[in-house]
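The values are calculated or read from the model by the stated rules, or taken from the named source; none is laboratory data. Quantities reported herein were computed from a predicted structural model and do not represent experimental measurements. Here Cβ is always computed from backbone atoms with ideal geometry, including for glycine, and neighbour counts include all displayed protein chains.
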Ligand code: GUN
């Protein structure tokens, strides 16, 4: 039977540490602030944005949410980003993705000041992650690394397989595992004989966005299985990319969905906002 990696528990512990640091900054007269922008009515995005704002309250940070209508123009959105770039109350800017089709994610992200890019999506921050010398953590992959560390799972020398090559998760996850001295393979939709590759993994991270995609026969006995997926089944239940029922009996550790990686992502966002605030405060002096 696998040990369950409890993301809620680890997230609560991490948030307490962040809240303590926020408190210290506030006593010095500096309050970290996050601005979250959402365009349109995507229900899942609305939930994420609400949770980000709640997390700010929980750790004592200031936050602003800009809920813009679906028909917002690129110029209007860019104006807001530019204004927030120079707003001293705001240390972090997050534009919730996906944006409506008429807006270009890349164009908007490119205009966020790299010092306030708490998602670490700007090319400057992506480049820094590639080099292993970075201030902002890629939130979800960093959350995975914190979970591994918390449970004493050493990455060094391990066969790490990442399923999915998105810019938000798969690619930065591969980099972080590599920086931790894992031997990393990235799989994707064109990978030939995926199961043959996933069965090699000591640590398997799955971020492919397909419900219950990884089944027990695709996993090595004793593997650590990290499920980044968040899908809604036809019956309305949340499920990950890993078929928990068949994989759990083979794994040594496994993250549940919900309650595994999910809570860590927003916690890492809080950590990045704190980092941005500390840097901005030091610049003032
Ligand atoms: N949409 C889904 N995940 C994320 C995320 O981590 N950041 C932003 N900005 N949008 C997202």
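Of all residues in segment 91-103 being assigned to a loop (DSSP other than H, G, I, E, B) and within 14 Å of the ligand (Cβ to nearest atom), which is surrounded by the fewest Cβ atoms within 10 Å (Cβ to Cβ)?
Of the residues in segment 91-103, the ones assigned to a loop (DSSP other than H, G, I, E, B) are 91, 96-103.
After this cut, where a residue has to be within 14 Å of the ligand (Cβ to nearest atom) as well, the list is 96-100, 103.
Details: 96: 21, 97: 17, 98: 12, 99: 23, 100: 15, 103: 20.
Selected residue: 98.
Run residue 134 past the list (1) in contact (Cβ under 8 Å) with a residue 40 or more places away in the chain; (2) crowded, with 20+ Cβ neighbours inside 10 Å; (3) more than 12 Å from the ligand (Cβ to nearest atom) and report the number of the one that doesn't hold.
(1)
Which residue, of 279, 190, is over 24 Å from residue 133 (Cβ atoms) and either at pLDDT 95 or above or surrounded by fewer than 17 Cβ atoms within 10 Å (Cβ to Cβ) (or both)?
Details: 279 fails: over 24 Å from residue 133 (Cβ atoms).
Among 279, 190, only 190 is over 24 Å from residue 133 (Cβ atoms) and either at pLDDT 95 or above or surrounded by fewer than 17 Cβ atoms within 10 Å (Cβ to Cβ) (or both).
Determine whether residue 88 is under 21 Å from residue 272 (Cα atoms), surrounded by fewer than 13 Cβ atoms within 10 Å (Cβ to Cβ) and touching a strand residue (DSSP E or B) at 6+ places or on another chain (Cβ under 8 Å).
no
Taking residue 34 as meeting all but one of (1) under 19 Å from the mean Cα position of the chain (by Cα); (2) in contact (Cβ under 8 Å) with a residue 60 or more places away in the chain; (3) away from the ligand (no atom under 13 Å from the Cβ), write down the number of the exception.
(3)
Among the listed residues 274, 269, which satisfies the condition of being within 30 Å of residue 29 (Cα to Cα), within 16 Å of the chain's Cα centre (by Cα) and away from the ligand (no atom under 16 Å from the Cβ)? If you could, list the steps in order and put the result at the bottom.
Details: 269 fails: away from the ligand (no atom under 16 Å from the Cβ).
When all the criteria are applied, what remains is 274.
Could you please find all residues in segment 204-217 being over 17 Å from the mean Cα position of the chain (by Cα) and surrounded by fewer than 24 Cβ atoms within 10 Å (Cβ to Cβ)?
Within segment 204-217, 210, 211, 212, 213, 215, 216, 217 qualify.
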